[in-house]
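The values are calculated or read from the model by the stated rules, or taken from the named source; none is laboratory data. Model, not experiment: these values are computed from the prediction. A quick note on method: Cβ atoms are made from the backbone with ideal geometry, for glycine too, and the neighbour counts reach across all protein chains shown. The protein model used for the area step is the full one, side chains on, heavy atoms only, and it has no ligands, DNA or RNA in it. Shrake-Rupley method; radii C 1.70, N 1.55, O 1.52, S 1.80 Å.
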Amino acid sequence: MNRFYLAGILLLCPLLIFAQSKGKRKKVLTPQDSLEILLQEVVVTGQKSTVKLEVDRKTYDVDQQIANAGGSASDVLENIPSVEVDQDGNISLRGNESVEVWINGKASGLTSDNRGEILQQLPAESIEKIEVIDNPSAKFSAEGSAGIINIVLKRDRKAGYYGSLQAGANTEGGANASGNINYSSGKIESYLNIGYRHRHNNLGGAWSRQNNFADNSYMNYDTENGRRGNNLFTRAGITWHATKKDDLTLSGMGMLGGSNSNNTTLYHYGTQGADQDDRRMLRRQTEDGSRRMFHGEMGYKHSFSDTHFIDFVVSYNNWRNNNDNFYQDSTYYNWEPTDPRAMTPTTYQYQSRPLYIRNRSWEVKLDYENKFSETLKLQAGYNGNFSKENTPQEAYSDNTWEGVNPTEDQSYYNRFIYRMDTHALYSTLTWNIGKFGIMGGLRGEYWKVNTESYSWEQEHDATKREAPYKKDFFQLFPSVFVSYQLTTSQQLQLNYTRRLRRPWGGQLNSFRNTRDASMVEFGNPELTPAYTHSFSLNYLKQWNKHTLSLSAYYRPSTDVIQRVKYQDPASGVMYQTNMNVTRDLSTGLEAVIKNNLFRRLDLTTTLNAYYYELDGFEYDIMGQKVTGDGNHNFSWTGRMLASLLLPKNFSVQLTGNYRSRQVVTQGYRRANYNVDLGVRKTFFDRQLAVSLNCRDLFNSRHWETVTSSTTFEREQRNWRGGRRVQLTVTWNFGNMKGKRPQRQQETDEEGDMNSSYSGGMED
């Protein structure tokens, strides 16, 4: 119980501090103080602020979080307020999975199909900060009804050279090593980063308990899994300041690695109330995989003046993922629990299913900005994205455990081809009138989708192929931002944007996947986008050492895409697919409270309370009636990061997260919590740093889901690992106290997203 008392005290601390601060004398700002002062981060002498609060976004300096040392980008995102990463790598923001994830302001090859794998390989030490933009303007892609999460990678721009070396290891057998170096001068800026990660995890698992009403049967399973892998990550870039007005940039990012995993699952089948199972199946699944990712980018920027420029960027992305999956099944009938070791399996089955994912894309961006005066600014541009996926899957099987003589199993062959081309034009106009500011924007997007899914016969005989699913769309996405400067330290803003969630490739593939013996999964090529009207009301207030940010949001959506499950009454087989089921509504209030105390203690508390409502639905899928009752609930999440600076160059960080019960389609997800603890010690004027952190202090990072319908009820629990202790050593070298070149410093300040309206992404 002590941990719960501690969590309650931590959550009450910022409120007590605010109450105490009301009676204190406030710092008076002169009328000459500009709006930018309001939007700057709170500066704390002694330690760097970890959160920068702005009206339209929140920026988290993750480089200062000890718990991230030696981890991956997925680990970093798990510690960002209102962001959740589940056991499958799916990312949600404020309980909504319709969120875009970018690297350095662009998609950078990340898609809903591959971003889970890429983010698990991207080293945490290469990340400088995370930006959460919950209601982007028309300047940005309309994709993601919940908003955009932008991962900004490190790129130091100090004059001269600067770099660091890092190495670490953890109690699960994982290890990491990396190095980076930066060089800046008046004409050239360059950087190089190389990192290696070895992952080792034998603590993952899952269990499920399912009851079927039609025949009074049950189907349960228990899973243990382990995973290990090696990954090499590298980044490099160079910027040439050709003239005072022209910059040329070349950069690239690549990953190369492999992994292997093993899962052992015992399935139980029987009749409810019986003393023993009718049968049991033991499935052993192993996977050998190799992955390769490349992102290359070329950019040119011409500045007519400090506030008038044109920026052109073209990038190429390539993602390859080779997976050799092996399934070994042994089934026992008339199970005798007295001595299961003495039983001989009745049947065996061996399957080999190689899967080769090939995804490539081009992205073109052209942005124009002109600030005509202190009160009027125009932004306009074009964004094109052209992607293609070609993924074949084969299958080989026989009736032995070892796979002595496997033959091709044509029924499991599939080739999935997916193309999507997107063209977008946008324009925004910002006008400030005294204390009022208004920005109106309009974005037009045209996109076309082509999906093909071939069986073995269709692959080898083109005359048997069905016509590809071809669809094209054109939609307008307006945005309106209105703000009022209450005082020099307070601002109020009302926003509206229209956004969408497009179905991603795997959701459109009609191929039936049986990798889970308890469930047959398949996609739906008839899916259409879901659309959202996003309203938000934001308030920002700063005191001398305290900051408060309040955000109220209201988001009704139509044609919501959700996973649905149903059971075939004849065979008893469970199926899962995706449907545009109905409408939903998400509304809530988010509060971020920052307290800087005694130059040594920094508290950042985030509370997000929201109400979610999903309408009921009824559909016919493949002759089966699928229903879902209307559902609604109130949920909340809380997070506190406490950073304490101690004597002798010690620092301590404690992070706690809590997520209440949450509604999902046909059920709900139970509440969960987790706590991380880290300690850091620096030596030799901060040139050497040693960090020790414990992730998931109480072994509580898991997900429990309950789903049901008129034909079944199911309870599941999944977890990726357990408590992990990491030791990391970092050595910094070079011109550590150097200043940025004057010209580059001005450029950075322009693109530091201080504008409450447009907020340009870093390139």
If you check every pair at least six apart or on different chains, which have Cβ atoms under 6 Å apart with a residue in the stretch 212-239 that is under 30 Å from residue 269 (Cα atoms) first and a residue that is of a type in the set (A, V, I, L, M) and buried (at least 19 other Cβ atoms within 10 Å of the Cβ) second? 223/206
Return the pair list, or none, for Cβ contacts closer than 6 Å from residues in the stretch 642-655 that are farther than 15 Å from residue 686 by Cβ to residues that are of a type in the set (D, E, K, R), at least 6 apart or on different chains. 643/602; 655/676
Go through (1) closer than 26 Å to residue 179 by Cβ; (2) among the polar types (S, T, N, Q); (3) free of Cβ contacts under 8 Å to residues at least 40 places away in the same chain for residue 261 and report which single condition fails. (1)
For the stretch 580-614, name all the residues that are among the hydrophobic types (A, V, I, L, M, F, W, C), in contact with a strand residue (DSSP E or B) (Cβ under 6 Å, 6 or more places away or on another chain) and open to solvent by 30 Å² or more (accessible area, probe 1.4 Å). 585, 589, 601, 607, 609
With respect to residue 435, determine if the residue is at pLDDT 95 or above and closer than 29 Å to residue 533 by Cα. no
Residue by residue through the stretch 523-538, note down the ones that are within 15 Å of residue 561 (Cα to Cα) and either in contact with a helix residue (DSSP H, G or I) (Cβ under 9 Å, 6 or more places away or on another chain) or open to solvent by less than 30 Å² (accessible area, probe 1.4 Å) (or both). 523, 524, 525, 526, 527, 529, 530, 532
Among (1) under 30 Å from residue 139 (Cβ atoms); (2) small (Gly, Ala, Ser); (3) at pLDDT 90 or above, where does residue 756 come up short? (3)
Do we find that residue 359 is over 15 Å from residue 313 (Cβ atoms), under 27 Å from the mean Cα position of the chain (by Cα) and open to solvent by less than 60 Å² (accessible area, probe 1.4 Å) in this structure? yes
With the condition kept exactly as written, say whether any residue in the stretch 346-356 is of a type outside the set (A, V, I, L, M), open to solvent by 60 Å² or more (accessible area, probe 1.4 Å), at pLDDT below 95 and closer than 30 Å to residue 242 by Cα. no
